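Asks: My structure is below; once you've seen it, I'll send some questions.
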Amino acid sequence: MIRVLLADDQALVRAGFRSILEGEDGIEVVGEAADGGEATRLARQLRPDVVLMDIRMPGVDGLAATHEIAASTEARVLILTTFDLDEYVYGALRAGASGFLVKDSEPAELIHALRVVARGDALIAPAITRRLIAEFAARATYPDPGPRLSALTEREREVMALVAAGLSNTEIAARLVLSPATAKTHVSRIMTKAQVRDRSQLVILAYESGLTVPGWLADA
């Protein structure tokens, strides 16, 4: 059972999401929050698997709440935004969010996204995700990657760059002529060495460390 906490300042929006989710097998809405402060408190109290988080709320916004929830609970945060290039989304991913969706996504996309984030084994990847990450990552400075990436083998760096480009384990396996199981093992080891909790954070680290840059795969 995937336990979901809804965080949005609009009651009608929360009601709409609840209606969609409560009709799905294996998903349970365990609580609702009208702002980021309440979302943080309920995440600690109710221990949901996923927090469906509006990024723009009064008081404590979704960005600050995401940071607190990622730092203090095991819950994964799925960001909701009105615009496909919301200026706050990249910051939310850096704060610990596991992915994002625009609010006008189809119900099936929402359900799929929740299941993927709950598993923690894939970056949410509608068409806009790669474009958004590239847009904001292009503005990032590239510091010394430090020991987290220096511990990676050459093959692991190659796999990490492909994860950052948005490829699934199956796609990585095909590109590198590996079995899907081997690709999955590589990704798991990379996340352990890099000390990140999911693929979203691995993507952010790849861009911010300078391991990859937007658009490189198209030219490869």
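The values are calculated or read from the model by the stated rules, or taken from the named source; none is laboratory data. Just so we're clear, the structure is a prediction, and the values are computed from it rather than from any experiment. In this analysis, Cβ positions are derived from the backbone assuming ideal geometry, glycine residues included, and neighbour counts consider all displayed protein chains. Accessible surface is based on the protein model in full, side chains and every heavy atom, while ligands, DNA and RNA are left aside. Shrake-Rupley method; radii C 1.70, N 1.55, O 1.52, S 1.80 Å.
Asks: Counting other C-beta atoms within 10 Å, and keeping those with at most 14, which DSSP coil GluC sites (Glu not before Pro) do you find in region 33-115?
Replies: Those that pass, being in a loop and sparsely packed, are Glu74, Glu87.
Asks: Enumerate the whole-percent occupancy of each 10 Å bin, from 0 to the last occupied one, for all C-alpha pair distances of region 1-77.
Replies: Bin by bin from 0 Å, the calculated values are 23, 56, 21, 1.
Asks: Now, a different point. Can you list the residues, at least 5 places off or on another chain, whose amide H is less than 5 Å from the amide H of Ala33, using H built in the peptide plane?
Replies: The list, which skips near neighbours in sequence, is Leu6, Ala7, Asp8.
Asks: Moving on to the next point. Let me check something: with ligands and nucleic acids excluded, how do Leu202, Leu176, Leu211 order by accessible area (1.4 Å probe), largest to smallest?
Replies: Leu211, Leu176, Leu202
Asks: Continuing with this model, one more query. With the crude spin-label approximation of a point 7 Å out along Cα→Cβ, what separation in nm comes out for Ala151 versus Thr185?
Replies: Going by the 7 Å Cα→Cβ label model, 1.9 nm.
Asks: To continue, here is another question. With r defined as the distance between the Cβ atoms of Leu176 and Glu22 and R0 fixed at 41 Å, what FRET efficiency is calculated, to the nearest 0.05?
Replies: E(calc), rounded to 0.05, equals 0.45.
Asks: How much length is gained if the chain between Leu46 and Ala11 is pulled fully straight, taking 0.36 nm per residue apart and subtracting their Cα-Cα distance, in nm to one decimal?
Replies: Working: separation 35, 0.36 × 35 = 12.60 nm, distance 1.96 nm.
Full-extension gain reported as 10.6 nm.
Asks: Another question, then. When only DSSP loop residues count, what trypsin sites (Lys or Arg not before Pro) in region 1-107 have their Cβ near at most 16 other Cβ atoms within 10 Å?
Replies: Working: sites: Arg3, Arg14, Arg18, Arg41, Arg44, Arg56, Arg76, Arg94, Lys103; in loops: Arg56, Lys103.
Passing both the DSSP loop test and the Cβ count: Arg56, Lys103.
Asks: Per q in 0.21, 0.26, 0.27, 0.29 Å⁻¹, report the Debye log10 I(q)/I(0) for region 155-215, using one uniform scatterer on each alpha carbon and no solvent.
Replies: Once normalised to I(0) and log-transformed, intensities are -0.73, -1.09, -1.17, -1.31.
Asks: While we're on this one: Which residues' amide hydrogens lie under 5 Å from the amide hydrogen of Leu101, considering only partners 5 or more residues apart or on another chain, with H built in the peptide plane?
Replies: Ile79, Leu80, Thr81
Asks: Once the whole set of protein chains is in place, how much accessible area is left on Asp35, using a 1.4 Å probe, in Å² to the nearest 10?
Replies: Probe radius 1.4 Å; accessible area of Asp35 about 50 Å².
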